[in-house]
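K.L.:
Please read through the structure below; I'll follow up with questions.
The values are calculated or read from the model by the stated rules, or taken from the named source; none is laboratory data. Note that the coordinates shown come from a computational prediction; the quantities given were computed from them, not determined experimentally. Note that each Cβ is placed from the backbone with ideal geometry, even for glycine, and that neighbours are counted across all protein chains shown. With ligands, DNA and RNA removed, areas are computed over all heavy atoms of the protein, side chains included. Shrake-Rupley method; radii C 1.70, N 1.55, O 1.52, S 1.80 Å.
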Amino acid sequence: MKYWSRLLPLVLILALGGCGQDRETLHQVDLLLQVNEYVKAFAILQAAIHQDPKDKTLRRAEIRLLLQAERVDLAYIRYQDLVNDLSKNDPVLFDLLHDKNETVRTSAVRALGLTGEPEAVPALLGALKDPDQNVRRAAASSLGDLKDVKAVPGLIDALHDTWWFTRSEAAASLGKLRDARAIPPLFAALKDDDQSVRRAAQNALTIIAPTSDPAPFVQALHSDDAAVVYAATCSLAAARDPAATPVLLGYLASSEPLIRQQGLRQFRYLLDPSALPEIRKALDDPDPTVQLEAVMAVVDYRDKASIPALDTLAKSGKSPELARVAAEASGRLAALP
């Protein structure tokens, strides 16, 4: 938990409109926060709210304190209590997006992502332009949680944010939204300087592909960029589109064990029966990790014809782990109707 800022004096009173007893309570809270006594400050607010549970000023102040403490979960619960008990559509979370404290703004963004409210989308799109990078990152993530396609253009813009973390969250959120408009920008993000962004973009493409027109993915198979081809292939495999088969067969013929292993893994998603002869051959691959992937693949394909080869692997003694998995796979296939 981060320590409290010393910039709080009178902010709660002025911003939240306290007066009289509210003013005194908030002043006590502020003094405690100046010496990092969060628990005592929270207890004072709780006691004041207990005395007057209908005091919206105090309850808004409590939400702000929880947000600055990064207790987003509890702040969200208190926000729900506020809107259910006293103030339907209370704007406190929206108001706190403009707070001077970046931690409060970041936490408010996260809390809005929990609300599921479509009205939060424009505000969170605005938070994508916040000067603080943590606020922008949180906004990119929360927009994905809201699952509103109105956020797509803003998230596409966020793929060019100066911070890699924001770009990565934007890519992940575009995957959650499953909107075809994000496909070209996500392919472009595969060339990002940061590995986490590239990985998030690839994952997003595989999520979008099953519900989208395969044409842009098929076209990407002809790219000169190996990363683009791989992402397109994985996406088509996730969509069970046989256009991925020729590329994956090429992976199985690679001299690199890791590439052969990747090809087998994608065939497990694709489930193209025309690839079974090559998958069976991989059971005799010289690399045990490739063989292990092949064993799991023939099980996914429910390929009883592989049982003799699996039994041979189980008795080969080449690798105890491989032998165990092969024996289990043989038993599972034999038990199929």
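K.L.:
Give the residue list of trypsin sites (Lys or Arg not before Pro) in the range 17-66 that are DSSP loop and have at most 14 other beta-carbon atoms within 10 angstrom. Kindly include the intermediate steps, with their values, before the conclusion.
P.N.:
Working: sites: ARG23, LYS40, LYS54, LYS56, ARG59, ARG60, ARG64; in loops: LYS54.
Of the trypsin sites (Lys or Arg not before Pro), the ones in loops of the range 17-66 whose Cβ has at most 14 other Cβ atoms within 10 Å are LYS54.
K.L.:
So what's the net charge close to ALA139: Lys and Arg +1, Asp and Glu -1, counting the other residues with Cβ under 11 Å from its Cβ? Kindly include the intermediate steps, with their values, before the conclusion.
P.N.:
On the way: positive: ARG105, ARG110, LYS129, ARG136, ARG137; negative: ASP130, ASP132, ASP145, ASP161, GLU169.
Counting the neighbours of ALA139, the net charge comes to 0.
K.L.:
Pairing the Cα long axis of helix 288-300 with the longest principal axis of the chain, what angle in degrees results, from 0 to 90 and rounded to the nearest 10?
P.N.:
Approximately 90 degrees, to the nearest ten.
K.L.:
Here's a follow-up. Return the calculated 222 nm mean residue ellipticity for the chain, to the nearest 500 deg cm²/dmol, obtained by summing -39500 (n - 2.57) across DSSP H runs with n ≥ 4 and dividing by the residue count.
P.N.:
On the way: 21 runs with 228 residues, N = 337.
Helix contribution divided over all residues of the chain: -20500 deg cm²/dmol.
K.L.:
Evaluate E = 1/(1 + (r/R0)^6) for GLN51 and THR211, where r is the Cβ-Cβ distance and R0 equals 41 Å; express this FRET efficiency to the nearest 0.05.
P.N.:
Details: r = 54 Å, r/R0 = 1.30.
Once rounded, the FRET efficiency stands at 0.15.
K.L.:
OK, next. Relative to the longest principal axis of the chain, what angle (0 to 90°, nearest 10) does the C-alpha long axis of helix 21-34 take?
P.N.:
Its long axis makes an angle of about 60 degrees.
K.L.:
Right, here's the next one. Tell me, what is the percent relative contact order of the chain, built from C-alpha pairs under 8 Å that lie six or more residues apart?
P.N.:
Values: 488 pairs, mean separation 23.1, N = 337.
Result for the chain is 7 percent.
K.L.:
Okay, moving on. Whenever you get a sec, compute what percent of the accessible area on the range 184-337 sits on carbon and sulfur atoms (1.4 Å probe). Could the numbers behind the result be given before it?
P.N.:
Values: 4150 of 7500 Å².
Roughly 55 percent, rounded to a whole number.
K.L.:
Full-extension gain between SER274 and ASP73, please, as 0.36 nm times their residue separation minus the C-alpha to C-alpha distance.
P.N.:
Details: separation 201, 0.36 × 201 = 72.36 nm, distance 4.99 nm.
This chain segment gains 67.4 nm when fully extended.
K.L.:
Suppose all protein chains stay in the model; what accessible area per residue would a 1.4 Å probe give for the chain, in Å²?
P.N.:
On the way: 16320 Å² over 337 residues.
Each residue of the chain exposes 48 Å² on average to a 1.4 Å probe.
K.L.:
Next question, about the same structure. Estimate the FRET efficiency between HIS160 and GLU117 by the formula 1/(1 + (r/R0)^6), using the beta-carbon distance for r and 35 Å for R0, to the nearest 0.05. Working shown, then result.
P.N.:
Numbers: r = 27 Å, r/R0 = 0.78.
Calculated transfer efficiency: 0.80.
K.L.:
Separate question: Normalised by the residues of the range 170-268, what does the relative contact order come to in percent, with Cα pairs under 8 Å and at least six apart? Walk me through the intermediate numbers first.
P.N.:
Values: 122 pairs, mean separation 20.5, N = 99.
21 percent.
K.L.:
Just to confirm a number: summing +1 for Lys and Arg and -1 for Asp and Glu over residues other than ASP161 whose beta-carbon lies under 13 angstrom from that of ASP161, what do you get? Provide the component values of the computation, followed by the final result.
P.N.:
Values: positive: LYS129, ARG136, ARG137, ARG167; negative: ASP130, ASP132, ASP157, GLU169, ASP192, ASP193, ASP194.
Here the count lands on -3.
K.L.:
Remind me, relative contact order of the range 211-337 in percent, using alpha carbon pairs under 8 angstrom and six or more residues apart? Don't skip to the end; give the middle numbers.
P.N.:
Numbers: 155 pairs, mean separation 20.4, N = 127.
Dividing the mean separation by the residue count of the range 211-337 yields 16 percent.
K.L.:
Using a 1.4 angstrom probe on heavy atoms only, work out the carbon and sulfur share of the accessible area of the range 42-158 in %.
P.N.:
Working: 2540 of 5120 Å².
Whole-percent figure for carbon plus sulfur exposure: 50.
K.L.:
Related question: Taking the Cα centre of the chain as origin, sum charge times position over the Cβ atoms of Lys and Arg (+1) and Asp and Glu (-1), and report the length of that vector in debye to the nearest 20.
P.N.:
In debye, rounded to 20, the chain gives about 360.
K.L.:
Here's a follow-up. If you keep only loop residues by DSSP, which trypsin sites (Lys or Arg not before Pro) in the range 270-337 have at most 15 other Cβ atoms within 10 Å of their Cβ?
P.N.:
Numbers: sites: ARG280, LYS281, ARG302, LYS304, LYS315, LYS318, ARG324, ARG332; in loops: ARG302, LYS318.
Counting only loop positions with at most 15 other Cβ atoms within 10 Å, the trypsin sites (Lys or Arg not before Pro) in the range 270-337 are ARG302, LYS318.
K.L.:
Could I have the simple spin-label model distance between ALA180 and ALA334, label points 7 Å from Cα toward Cβ, reported in nm to one decimal?
P.N.:
For the pair ALA180/ALA334, the computed spacing is 4.9 nm.
K.L.:
Compute the long axis of helix 102-115 from its Cα atoms, compare it with the longest principal axis of the Cα atoms of the chain, and write down the angle in degrees, 0 to 90, nearest 10.
P.N.:
Here the helix axis deviates by roughly 60 degrees.
K.L.:
While we're looking at this one, here's another question. Which entries of LYS129/LYS191; LYS129/LYS150; LYS56/LYS129; LYS100/LYS176 show an alpha-carbon separation above 20 angstrom in the structure shown? Present the calculation step by step, with values, prior to reporting the outcome.
P.N.:
Numbers: LYS129/LYS191 23 Å; LYS129/LYS150 16 Å; LYS56/LYS129 30 Å; LYS100/LYS176 31 Å.
In this structure, LYS129/LYS191; LYS56/LYS129; LYS100/LYS176 lie more than 20 Å apart at Cα.
K.L.:
Count neighbours as other Cβ atoms within 10 Å of each site's Cβ, and list the trypsin sites (Lys or Arg not before Pro) in the range 213-276 that are DSSP loop with at most 16 such neighbours. Write down the numbers at each step before the final one.
P.N.:
Numbers: sites: ARG240, ARG260, ARG265, ARG268; in loops: ARG240.
The qualifying sites are ARG240.
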